[in-house]
1. Distances longer than 15 Å among the Cα atoms of region 12-60: what percent of all pairs is that?
2. Share of Cα-Cα pairs in region 10-108 beyond 15 Å, in percent?
3. 5 Å is the cut-off here: which amide hydrogens, built 1.01 Å from N in the peptide plane, fall below it relative to His97, excluding neighbours closer than 5 in sequence?
4. I want to check the label-to-label distance for Ala23 and Glu95. Put each point 7 Å from Cα in the C-beta direction and report it in nm to one decimal.
5. Order of 54-64, 94-104 by packing, highest average Cβ count within 10 Å first?
6. Quote to one decimal, in nm, the extra length available between Ser86 and Arg55 on full extension: 0.36 nm per residue of separation minus the C-alpha distance between them.
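No lab work stands behind these numbers, since they all come straight from the coordinates. Keep in mind it's a predicted model, so treat the numbers as computed, not measured. So basically every Cβ, Gly included, is an ideal-geometry build from the backbone, and we count neighbours across all protein chains shown.
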Amino acid sequence: MSAVDASVSQAVPQGDFFWEIGAAEEKRLSTLLDVDFSTLNIKGTFVTTPKRNCRGCGKLSGLDDFVATALSGNVHTKEFMKKALSDEDVRNNPEPHYLICAGCGGPDPEPTSWTTSQNWRAKRG
């Protein structure tokens, strides 16, 4: 295991990366899902790649890109995603995801996957 991320109360296993959700991303998620995202109590997510800057607009990758990708591809509905984000029993899909940027809609050429070594999300507090 790697060192404990200062913003997470658990160790981040080797090969996993913690994507903390900041204020700007939380606002985008609230808009995308038509919900006050802070009520879902998610501090961040665990994935298999570090955050990257979008080649189109420079935004850092995040959970908002997973949500924007699912919505734009009609993979999941807003209602399904709100339930999945709040349901402790939902398991992540470890298949690689080619994301689109929630900021500009540009494609990320590198796939990203949810971690399989632990729960995919870190709760606040």
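1. Values: 635 of 1176 pairs.
So the portion of pairs separated by more than 15 Å is 54 percent.
2. On the way: 3006 of 4851 pairs.
In whole percent, the share of Cα-Cα pairs in region 10-108 beyond 15 Å is 62.
3. Thr112, Ser113
4. Label at Ala23, label at Glu95, 3.8 nm between them.
5. Values: 54-64: 18.7, 94-104: 17.1.
Going by the mean number of other Cβ atoms within 10 Å, highest first, we get 54-64, 94-104.
6. Numbers: separation 31, 0.36 × 31 = 11.16 nm, distance 3.10 nm.
Using 0.36 nm per residue and subtracting the Cα-Cα distance, I get 8.1 nm.
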